[in-house]
Amino acid sequence: MPHEQLDNLVRARQLKAEPSSKQEVDGLISSGLARLHDAANQTLSIESRFDLAYNAAHALSLAALRKAGYRSDNRYLVFQCLKHTLDLPNEQWRILDQAHRKRNLAEYEGHLDVDDALLGALIRTANMVAERLKIIR
């Protein structure tokens, strides 16, 4: 499947074109699904659940990018590419954008401000990414 927008990012040196490996893609999906399952565990703190859900969304999004034959070292760009890899609606991408910004605040400034609404939206979005990945597998 041609990805003109992704090829433009390769030319801009923001992505690398690289053949996918079934083993790598399957590993990313497995890791993402395990984290997504654990993120639903309400006995864990909201901070832990957010971390699990965010990393699940990233692993699944990276699996989609790798499946399409591209690689990125930039987490944010992996999420941005979901429009082109899985045709993810902009509303879901905005949730990943918000989660990414919150994750960076926690990671680099030690301040995590997450509520149940964002966590729920992040889990739903990660599930949507997982469902769309099943279709292209």
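Coordinate-derived values only; no laboratory data. Just so it is clear, the model here is predicted, and its values are computed rather than measured. Reconstructed Cβ throughout: ideal geometry from the backbone, glycine too, with neighbour counts over all protein chains shown.
Structure notes:
- Residue count, the range 21-76 (criterion: among the hydroxyl-bearing types (Ser, Thr, Tyr), assigned to a loop (DSSP other than H, G, I, E, B) and farther than 19 Å from residue 112 by Cβ): 2
- Test: residue in the range 39-48 that is in contact with a Leu (Cβ under 9 Å, 6 or more places away or on another chain), more than 21 Å from residue 16 (Cα to Cα) and free of Cβ contacts under 8 Å to residues at least 60 places away in the same chain: yes
- Scanning the range 89-137 for residues that are among the basic types (Lys, Arg) and not in a helix (DSSP H, G or I) yields one hit, 137.
- Taken residue by residue, the range 53-73 has no member that is among the small types (Gly, Ala, Ser), in contact (Cβ under 8 Å) with a residue 24 or more places away in the chain, on the phi < 0 side of the Ramachandran plot and surrounded by fewer than 18 Cβ atoms within 10 Å (Cβ to Cβ).
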